[in-house]
Every structure is written in structure tokens, then in C-alpha cells.
Amino acid sequence: MNIELTGLIRRYGDADALSGITYAVPEGVRVLALIGPSGGGKSTLLRLLGGLDVPTSGEIRFDSTLLSREDNPLRSHRRGIGFLFQAFNLFPHLTALENITLPLTRVHGKSQSEAIVLAEACLDRFRLLGHAAKHPAELSGGQQQRVALARALAYQPKLLILDEPTSALDPEMTAEVLDVIAELCREGQEIVLSTHEMGFAKAVADEILFLADGEIIEQGPPDKLFEAPESEAVGRFLGRVMRY
């Protein structure tokens, strides 16, 4: 994962969602986890990394290539990114299979037959092939999120971006989706994710970023950051969220 951020600022009105972030992903990192309090800038950073938003100032480089504000570079970049958000974002009038084939044909130029083969393979991988003809309202929350994950992976993206993928799920469904994501991590999929599941972040991430007030407060490997944080703010946060 070759990502470099330089002086990254994202301002909305008079408020800075990100305040001059400079960071380079260390060599060998395949799973990067963003943690920290709500409103700290995690979702904004993920949107910028995915090309869904552009910075007010500063630079983002992927594989040493600068992401410009022009349409074409951003459009090309987005095609290589898989997204999974807090909300499932499935089309309610389409079946599970159709939710996956639609972007394959409309965005990635696959034929309908190619798209069906890829979609069915992804549904089968996530144990959902028997639900291919169901609409989202007929699926549980965990099943809907797994369909959304299958859609994000159907075209084999270079990078998968996950923004609080379990925040809308109950504990059983959360475990169900985290198991699938952990499997992807073990398989070597490059992932940047934000999560409030501290145990999960510690277990799967190669590198942790702690964001608060639009800044990176601390960064490092999970064992170091969770067991011996250097920042008092990080220590207080972890003390609260990992108490029970």
C-alpha cells in the first residue's frame, strides 16, 4: 500500500475536518485502521483517499501518482477502489445479484454474462448464493452488508475502503461481517478502514492511526499503540472504550 499525504486540509465552511495531515503508509502495511472519537476526521479522510471528495489543499499520492482535482484522474482512481460504508447503500428495487452486476456493467464495462458470473462467484464466497434473487428488504442486516461487501470486491479492487462497516449491525451480525473482513485481511487484500471495534482493529491491522480534531495524534503498529500509547489523549480514549 503506497499512500502519501502531504499537508492535507479539508475545510467545510469555517470548520476544518482535516487540519494539515502529513503521513506516509509504512512499507509492508496492507491493513491500515483509523480509530479515534467521532467527528475526528476518519470518514473525511476515507472519502479523500477514495476520490469521493477532494482536499481544500494539500496532496494525495497513490503509488507515487498525484491525485489531481481533474475529473479524469479521479474517475480512473475510483474504478480501482472498493467501498463499504456505514449504510448498506443497496438499491432496494434490485435483487442482491442485480446490486452487484449493475456497477460491473455500467462502470467497469463487463458484459451482462460476465457480470453474472463474477457476481455469483462473490455471493457464493460469502455464503449468499441462495439469496441472489432476494431484495434487500428480504435480507438481514448482516446479509445486506455482506452483499455490499461482495459488490465492492466483485471487480477485484486494488484497495478496499471500509467506513465503520458494522456500526448499523447488532452484535451477532457485527461478528458475522467482521469474520468476512478478517478473512480478506488474511488473504492479503489491501484495506483502509475506520472502526470503533478496538479488538478487531488490534487483531487485523498492520498500522493504526489515531485521529482527533482533524489531526493524527498518534500512529504505529497495534501492539505499541494499544499497549503503550505515547499520547495522553490516546491513553484516555482507549481507557474509556476498552474498559468493558
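Brief remarks on what is shown
- Exposed loop sites here are GluC sites (Glu not before Pro) assigned a DSSP state other than H, G, I, E or B and surrounded by at most 15 other beta carbons within 10 Å; excluding them, the longest clear run of the chain is 71-186.
- Structural descriptor for the chain: relative contact order 26 percent, calculated from alpha carbon pairs under 8 angstrom and at least 6 residues apart.
- Applying the Karplus relation 6.51 cos²θ - 1.76 cosθ + 1.60 with θ = phi - 60° to the range 232-241 yields 3J(HN,Hα) values of 5, 5, 5, x, 5, 4, 5, x, 6, 7 Hz, where x marks Gly and Pro.
- Per residue, in Å², the accessible surface of the chain once ligands and nucleic acids are set aside, probe 1.4 Å: 48 Å²
- Positive-end ranking of Gly199, Leu129, Pro171 along the dipole of the range 111-207, with charges on Cβ about the Cα centre, is headed by Leu129.
- Taken about its Cα centre, the chain carries a charge dipole of about 560 debye when Lys and Arg each add +1 at the Cβ and Asp and Glu each add -1 at the Cβ.
- Note on the chain: dipole from Cβ charges, positive end direction compared against Pro229, Ala212, Leu102; the farthest Cα belongs to Leu102.
- Remark on Lys134: its backbone amide H falls under 5 Å from those of Ala96, Leu97, a criterion applied only to residues 5 or more positions apart or on other chains, H modelled at 1.01 Å from N.
- Value of D in µm² per second that Stokes-Einstein yields for the range 166-210, Kirkwood Rh from Cα pairs, at 20 °C (1.002 mPa s): 193 µm²/s
- Between amide H atoms placed 1.01 Å from N, distances below 5 Å from Ala17 occur with Arg10, Arg11, Tyr12, all of them 5 or more places distant or on a separate chain.
- Close amide H contacts of Val31 (hydrogens built in the peptide plane, cut-off under 5 Å, sequence separation of 5 or more or a different chain): Ile191, Asp206, Glu207.
- Low-density loop positions, trypsin sites (Lys or Arg not before Pro), the range 120-217 - DSSP coil, at most 14 other Cβ in 10 Å: Arg127, Lys158
- Within the chain, helix-based [θ] at 222 nm, where runs of 4 or more DSSP H residues each add -39,500 (n - 2.57), nearest 500: -11500 deg cm²/dmol
- Global geometry of the range 133-238, whether rounded, prolate or oblate, following the gyration tensor of its Cα atoms and the 1.5 cut on a/c: prolate
- Non-local Lys pairs in the chain, i.e. 8 or more apart or on different chains, that have alpha carbons under 26 Å apart: 7
The values are calculated or read from the model by the stated rules, or taken from the named source; none is laboratory data. What you see is a predicted model, and the numbers here were worked out from it, not measured in a lab. As a convention, Cβ positions derive from the backbone with ideal geometry for all residues, glycine included, and neighbour counts pool all protein chains shown. Side chains included, ligands, DNA and RNA excluded: accessible areas come from the protein's heavy atoms. Shrake-Rupley method; radii C 1.70, N 1.55, O 1.52, S 1.80 Å.
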